[in-house]
Structure formats: structure tokens, C-alpha cells
1. Which residues, counting only those in region 97-120, are outside any helix (DSSP H, G or I) and crowded, with 19+ Cβ neighbours inside 10 Å?
2. Out of all the residues in region 71-78, is one or more touching a residue at least 24 places away in the same chain (Cβ under 8 Å), surrounded by fewer than 18 Cβ atoms within 10 Å (Cβ to Cβ) and not in a helix (DSSP H, G or I)?
3. Go through the residues of region 234-247 one by one and say whether even a single one is modelled with pLDDT under 85, in contact with a helix residue (DSSP H, G or I) (Cβ under 7 Å, 6 or more places away or on another chain) and surrounded by fewer than 18 Cβ atoms within 10 Å (Cβ to Cβ).
4. Of the residues 318, 366, 327, which is within 24 Å of the chain's Cα centre (by Cα), part of a strand (DSSP E or B) and surrounded by 13 or more Cβ atoms within 10 Å (Cβ to Cβ)?
5. Any residue that is crowded, with 16+ Cβ neighbours inside 10 Å, at pLDDT below 90 and closer than 20 Å to residue 118 by Cβ - is there at least one of those in region 42-50?
6. Of all residues in region 183-193 being at pLDDT below 85 and in contact with a helix residue (DSSP H, G or I) (Cβ under 7 Å, 6 or more places away or on another chain), which is surrounded by the most Cβ atoms within 10 Å (Cβ to Cβ)?
7. So which residues in region 82-96 are in a helix (DSSP H, G or I) and touching a strand residue (DSSP E or B) at 6+ places or on another chain (Cβ under 6 Å)?
């Protein structure tokens with residue numbers, strides 16, 4: 001009996017259109033190409049050709065110049081390449097023309113990232129978000145002149161009116177599906193809002209991890225919480241948000257939230273689709289911006305993350321003063337020479353999530369930042385009020401306690417919302433007993 005052979009992996013070309021000093025900004029071409037290669041390889045494609053293509057101007061029909069299109073096509077044919085990844089945004093016309101010229105599938109940066117997200121999403125929410133982003137992207141691509149999209153069809157039932165073209169029917173079906181997905185995601189947001197309200201009833205401060213993809217957020221999450229969240233040296237290894245309880249040095253508890261990684265030129269479809277996920281950042285008391293300090297493009301990656309957060313602030317997703325809640329964490333110092341580990345920036349904390357170096361300092365910094373936002377109050381509780389006493393120990397940091405015959409005097413540090421809640425429910429505890 002013959003053993004079936006597996007199909008050979010698809011060979012891919014990665015092409016970076018590079019207009020020096022243009023819209024690509026401060027990012028160096030080599031670092032950008034390396035990132036595109038990593039993204040392409042992460043979905044199982046074999047990189048058979050990669051190239052930085054210098055362009056003077058963006059051609060409306062093909063992006064590249066005529067001679068460049070011909071030369072690249074020859075390289076693609078010689079290397080037997082099945083997919084060409086262009087690390088830029090292609091219009092539907094450019095994509096169609098390049099596919100005709102190169103006789104292979106062509107995808108742009110947005111399509112590549114959407115494919116990765118579609119492969120990695122695990123939760124029902126993540127799947128919904130990715131499908132919504134895919135459909136929004138596909139709807140803009142329905143101008144491609146494939147034969148079956150040019151045919152007209154007669155009207156029957158409610159599948160289309162007389163003379164409706166296939167492209168019109170496809171666009172209508174996609175629009176209907178997008179509307180359904182948005183309704184389902186609205187339900188997800190309401191559910192998440194209920195979960196946040198439940199956490200507020202037994203409130204813990206929230207600490208959210210944000211950062212460029214592959215900065216080591218999930219490894220840091222596991223190191224701080226003892227969890228076993230999937231962490232891999234891979235772009236977009238984490239797509240679905242995860243939350244765990246952590247205990248800080250003072251005994252104070254907090255919720256740590258791991259979120260999806262950011263990336264330069266994040267597709268607008270994904271920014272909108274992942275709004276429900278990013279709401280965890282909006283609700284955070286502290287934002288930990290995790291950076292890969294060993295990456296040669298670390299400064300540009302930081303600028304990309306800040307740009308996304310600023311965009312969220314402008315759209316009202318998070319408050320304008322988000323940076324005041326941010327702690328910068330320089331991760332992966334184990335990859336640096338010992339002499340290079342004294343990193344600049346008074347507010348930055350250099351750690352290694354892998355080796356555990358300086359994680360105690362990070363925990364203490366989080367603890368101190370949360371304590372700085374707390375208020376000190378003194379209450380007098382009846383000795384029989386064990387529930388009130390337990391509540392203060394559970395939600396606050398007890399500074400001092402004096403047990404008397406008539407009352408227990410307790411000085412405690414509380415979050416403002418916890419203080420307001422306790423004083424609303426225990427008005428008698430606000431006044432010292434009359435001797």
C-alpha cells in the first residue's frame with residue numbers, strides 16, 4: 001500500500017516597496033523586510049525570494065514600475081512561487097494587475113495580517129472579530145474582473161432582482177453578513193461590560209499589557225501570574241485576551257490582562273473589529289507598555305504602539321491622559337550584553353520575563369503606582385461588624401488597627417471608588433464613638 005505524500009509547502013516571495021524618506025517613516029528597510037518575512041513565515045509559507053524594491057513613485061496600475069514588474073515576474077517564475085506578498089497596501093486594481101502579470105496569488109500587508117489573525121483566533125469573540133475584518137476587506141475587493149463576477153443572473157425569490165450581476169449579489173450577501181456580525185459583536189461587548197460590572201462589585205484594579213507583537217507580553221504574563229498562556233517566539237502568537245489574578249508585594253490583588261499585539265500600519269479593519277478586545281485597555285488602572293529592548297527597531301515599534309493608543313484616545317475608546325497610567329517595561333534584557341543593560345529613561349523598568357530578572361522591581365512599581373492612587377481613611381466599626389472589617393481587609397491595605405470595647409478604630413488605604421462604596425454602606429463607621 002502506498003503512503004500518501006503531503007503536499008509541498010507553498011513557496012512565497014516577500015517584496016517591500018521602499019520609497020526612501022517617504023511614507024514608511026523612520027523604520028529602516030531591512031527591519032521592515034525582516035518583519036514581513038516573519039509574518040509570512042508564521043502562516044507556513046516557505047520564503048523562496050525576498051527583496052527591497054526601490055520605487056520613485058506609486059504607480060496607480062501596478063504600484064511598481066513596468067520594468068520592475070517584468071523583472072520580478074521572471075524571478076517568481078524561476079523560483080516557482082505560488083504567493084507574492086507585497087508589504088504595502090494594494091488597491092484592488094493593483095492586486096488584479098500584478099496577479100495577471102506574475103501568474104500567482106498576490107496579497108498585500110492587510111491581507112497577510114488578516115490571514116494570520118484568521119488562523120490564530122480561538123475564542124468565539126476572536127473568530128467573530130476576524131471574520132468581520134475579513135469581510136470588510138473582501139467587500140472592497142469586489143471589483144476584480146473574474147468571469148463569474150461579470151455574469152448577470154435573472155431574479156428569483158429574494159436572491160436578487162432582474163438583471164442583478166453576480167458581483168452585486170456577492171456584495172449584498174457580504175453586507176448582510178457584516179450587519180449580522182456587528183450585531184453579534186455588540187452582544188459580546190454587552191457581555192464584557194456585564195463582566196466588568198461584576199468585577200467592579202468585587203473590585204480589583206486592572207493592569208493591561210500592551211506592546212508590539214512578539215515583545216514578550218505573554219511570557220511576562222505567565223511569569224507574573226504563574227499561568228501557562230501560549231507564548232512563542234512568533235508574531236501574533238496571542239490574539240484573544242486573557243485575564244488572571246496576581247498578588248502584589250503588599251498583598252494587594254489585581255487583574256492582569258494580556259491583549260493582542262500591535263503592529264505598524266495596523267489595518268483599519270482590525271482596529272475597528274478588535275474594539276471589544278481593546279476595551280480591556282480602556283478599563284485598565286495601569287497600562288504596561290512592554291517593549292523588546294533587544295530589537296534593533298525598538299524605538300520605531302514604540303512609536304507605532306503610541307500611535308495606535310493615541311488614535312484610540314482620539315476616537316474616544318480610551319481617555320486622553322492614558323500616558324499618565326502607563327509604565328514602560330523594557331523586556332528581553334537577557335539578550336543584551338551586561339554593559340548594555342543600563343537602559344535610558346527614568347520611568348522605564350528593564351526586565352527579563354524569561355529569566356525573571358527584575359520582576360520583583362516591576363511588581364513593586366505596580367504596587368506603588370496603585371497605592372499612589374489610593375486614599376487613606378479612618379473608620380470606627382462595631383466589634384460585632386465582622387463583615388465590614390473583612391471587607392476592608394479584602395479591598396484595602398490596613399495601616400493600623402486599635403481594638404476597643406465599644407469600637408475598632410481602623411486606618412486603611414482604599415481606592416477612591418472602594419472608599420465611596422464603603423462609606424455609602426457604613427455611614428455609622430464615619431464617626432468616632434462618643435466616650
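1. If the condition is that a residue be outside any helix (DSSP H, G or I) and crowded, with 19+ Cβ neighbours inside 10 Å, then 104, 106, 107, 108 are the ones that fit.
2. No, region 71-78 contains no residue that is touching a residue at least 24 places away in the same chain (Cβ under 8 Å), surrounded by fewer than 18 Cβ atoms within 10 Å (Cβ to Cβ) and not in a helix (DSSP H, G or I).
3. No, region 234-247 has no match at all.
4. 327
5. There is at least one residue in region 42-50 that is crowded, with 16+ Cβ neighbours inside 10 Å, at pLDDT below 90 and closer than 20 Å to residue 118 by Cβ.
6. My answer is 185.
7. The initial filter retains those residues of region 82-96 that are in a helix (DSSP H, G or I), namely 92-96.
Result: 94, 95.
A quick yes/no check of all residues on (1) part of a loop (DSSP other than H, G, I, E, B); (2) without any contact (Cβ under 8 Å) to a residue 24 or more places away in the chain; (3) out of contact with any helix residue (DSSP H, G or I) (no Cβ under 7 Å at 6 or more places or on another chain):
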| residue | (1), (2), (3) |
| --- | --- |
| 352 | yes, yes, no |
| 361 | no, yes, yes |
| 377 | no, no, no |
| 390 | no, yes, yes |
| 394 | no, yes, yes |
| 401 | no, yes, yes |
| 413 | no, no, no |
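The values are calculated or read from the model by the stated rules, or taken from the named source; none is laboratory data. Quick caveat, the model's predicted, so the values are computed rather than measured. No Cβ is skipped: glycine too gets one built from the backbone with ideal geometry, and neighbour counts run over all protein chains shown.
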